[in-house]
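Q: This is the structure, below, for whatever I ask next.
The values are calculated or read from the model by the stated rules, or taken from the named source; none is laboratory data. What you are looking at is a predicted structure, and each value in this text was computed from that prediction instead of being measured. Quick reminder, even Gly has a Cβ in these numbers, built from the backbone with ideal geometry, and neighbours come from all protein chains shown.
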Amino acid sequence: MSTLPRIVRTASLAAGLAALVTVAMPATQATSTAAGFNPGVIAAYSIAAPASEAASRLIARAVIPRGAACPNIVVRVSGRSTPDEVVMYGRNLPDSTAPAFESITVCSARIPDKAISASIMGHPIPAHLPTRVGSLALFSDTGCRIKPPHLQDCADLNSWPLASIAESIVEEQPDAVVFAGDFFYREAPCPAEVQNWCGSSPPPVAGLPFKDSAYGWIAEVLLPMAPLLSTAPLIIARGNHEACNRGGNGYFLLFDPRRDTTAACAPIAGPAGLTAPETTPTATYTVDLPITADRTLRLAIVDTAGGADTFSDAFAPIQRPSFEAAANLTTPRDGVENWLITHRPVFGYASPLMDGPPVPFDPWVGADSQTAASFGLLDHFDLVFSSHIHIGQAVQIPGQPGQLILGNGGTLLDPLTGYPLPTTGPTDTAGQAYPPPVSAWIAPRFGYAIARPNAQAGSWRIDMKDPSGHQFARCGVANRQIFCRDLPR
């Protein structure tokens, strides 16, 4: 296993990044400073993909230094006596993103169907989706926020516990990891007065209409999440921090599972220079995870990176086809239970103590645009899993699927108080309203969740855990309802 997690645990981010310099710098620079340079692999992982991308529904990725050739994947396929080698190809971003990602190459390939093991330059990666799901890891909103006046101490594991959360999830050995978006939060240079917090953090590249870079993604994701990335297949929904004017270019390069998406957020040249394109939803797709021989969990992945938290008459019609596709892909079938995976929640609510709330305050500010886009399209779902609001939260609207929110995976938490149960339900842009919620559970603390299926179809136990792996709450899902309770400390 990679030694990168130990670097994170025993040293500051500055030291961790320094340890990667000879790996992540362009090969021409590295060879000039180190004789016999062997580039190695910065990160290797597997991402669940639409059926159109691979028969196995799994894509392999490797991040390597720029200038090195993409490696092959060594794969053992069931029924074959010798391993196969699968050629990886480089994912190329358009020139308008330069020089933000010029220090790395991202290599990609389909993992063959019926593969039983796979490795890239000696790094094992998941070779197949689980054949029977015993547990799923759920977490989201992981980056270290650098956007004055909102700042985290990126060098302190208590303030930014992503590395601890990643290690704890690895110890759980989940069959798959479901991530509901928002990797990237390093949106400004580290202020001079807090250099000990984030002085080594890669700032946005000057002159470009987006915030991320290769070094930013190394600091934000590839370094602190290193042990987790290769532990289990990743099932990922895009977050609003992966919008085109923020971290979208790195997201499409590194984590979107489709072949021809790297230009989706590429800046556009115009009379005023480069501008970021509008953030629009990518196509909805599903991932099926068998639980037993006659029971399957289907995840519908909806891209909600665009739009706004408050009502958006203009964007709701753009977003709605994504939810229509999700509804069409989850037509009820015997033995299949459906979860909707979005970044922005449908039924999540915020605290009036948030900075600059609208007046009068609408508690559903975190969900309005998605309520409008998805109104009347949720009947097929047993659970909605989202993030975006930076706490743990579970909300139950009568007659609707339970809403689970885990936006507490490491980024700066939302207010720790001020979440009374709303007395009215969310409404759509036409004024149609849901009834008020009957229950809500709030956990303003860092953590992740492990979901395990119960024996009864549609029934799940979801254990909420802190960064060290200690369980602090338990939720149950059954009959489209979610119930949570805190456990004694």
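Q: Any idea which of I120, I165 is among the aliphatic types (A, V, I, L, M) and within 19 Å of the chain's Cα centre (by Cα)?
A: Unique residue meeting the criteria: I165.
Q: Among the candidates G307, G348, single out the residue that is crowded, with 17+ Cβ neighbours inside 10 Å, more than 23 Å from V477 (Cα to Cα) and not basic (K, R).
A: G307
Q: Right, here's the next one. Checking the conditions here, which among R320, R333, R295 is in contact with a strand residue (DSSP E or B) (Cβ under 8 Å, 6 or more places away or on another chain) and surrounded by fewer than 24 Cβ atoms within 10 Å (Cβ to Cβ)?
A: Criteria check complete, one pass: R295.
Q: Using the structure shown, decide if A43 is aliphatic (A, V, I, L, M) and more than 20 Å from P224 (Cα to Cα).
A: Details: aliphatic (A, V, I, L, M): yes; more than 20 Å from P224 (Cα to Cα): no.
Here the answer is no, as A43 does not meet what is asked.
Q: Just checking, which of S103, S159 is among the hydroxyl-bearing types (S, T, Y) and farther than 29 Å from I268 by Cβ?
A: S159
Q: Looking only at segment 157-173, which residues are of a type outside the set (G, A, S) and either in contact with a His (Cβ under 9 Å, 6 or more places away or on another chain) or under 13 Å from G469 (Cα atoms) (or both)?
A: Selection gives P161, L162, I165, E167, I169, V170, E171, E172, Q173.
Q: May I pose another question? Restrict the check to segment 84-96 and report whether at least one residue is assigned to a loop (DSSP other than H, G, I, E, B), surrounded by 13 or more Cβ atoms within 10 Å (Cβ to Cβ), at pLDDT below 95 and not aliphatic (A, V, I, L, M).
A: Quick first cut of segment 84-96, residues assigned to a loop (DSSP other than H, G, I, E, B) only: 88, 92-94.
Retained after the next criterion (residues that are surrounded by 13 or more Cβ atoms within 10 Å (Cβ to Cβ)): 88, 92-94.
After this cut, where a residue has to be at pLDDT below 95 as well, the list is 92-94.
From what's left, not aliphatic (A, V, I, L, M): 92, 94.
Yes.
Q: State all residues of segment 138-187 that are assigned to a strand (DSSP E or B), buried (at least 24 other Cβ atoms within 10 Å of the Cβ) and not aliphatic (A, V, I, L, M); if no residue qualifies, say none.
A: F139, F179, R186
Q: With respect to L412, is the statement that it is surrounded by fewer than 21 Cβ atoms within 10 Å (Cβ to Cβ), farther than 22 Å from P130 by Cβ, touching a residue at least 12 places away in the same chain (Cβ under 8 Å) and more than 19 Å from the chain's Cα centre (by Cα) true?
A: no
Q: Another one. Hey, can you tell me all the residues within segment 126-137 that are among the hydrophobic types (A, V, I, L, M, F, W, C) and surrounded by 24 or more Cβ atoms within 10 Å (Cβ to Cβ)?
A: Step one: list which residues in segment 126-137 are among the hydrophobic types (A, V, I, L, M, F, W, C), which gives 127, 129, 133, 136-137.
Listed by number, the residues that qualify are L136, A137.
Q: Sticking with this one: Within the group T371, T331, which residue is within 22 Å of A48 (Cα to Cα) and among the polar types (S, T, N, Q)?
A: Testing whether each residue is within 22 Å of A48 (Cα to Cα) and among the polar types (S, T, N, Q) leaves just T331.
Q: Is there a residue being under 15 Å from A127 (Cβ atoms) and part of a loop (DSSP other than H, G, I, E, B) anywhere in segment 57-73?
A: yes
Q: Just checking, which of A109, A68 is modelled with pLDDT of 95 or more and surrounded by 15 or more Cβ atoms within 10 Å (Cβ to Cβ)?
A: A109
Q: Another question, then. Out of segment 438-451, which residues are over 20 Å from the mean Cα position of the chain (by Cα) and surrounded by fewer than 17 Cβ atoms within 10 Å (Cβ to Cβ)?
A: Result: V438, S439.
Q: Something else about it: Quick one: is D309 modelled with pLDDT under 95 and closer than 30 Å to M354 by Cβ?
A: Yes.
Q: Out of segment 451-468, which residues are in a loop (DSSP other than H, G, I, E, B) and under 19 Å from F381 (Cβ atoms)?
A: Correct list: N454, Q456, A457, G458, S459.
Yes/no matrix, rows are residues, columns are (1) among the polar types (S, T, N, Q); (2) farther than 24 Å from G335 by Cα; (3) at pLDDT 95 or above:
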site	(1), (2), (3)
Q400	yes, no, yes
L404	no, no, yes
N408	yes, yes, yes
D428	no, yes, no
Y448	no, yes, yes
N454	yes, no, yes
C484	no, yes, yes
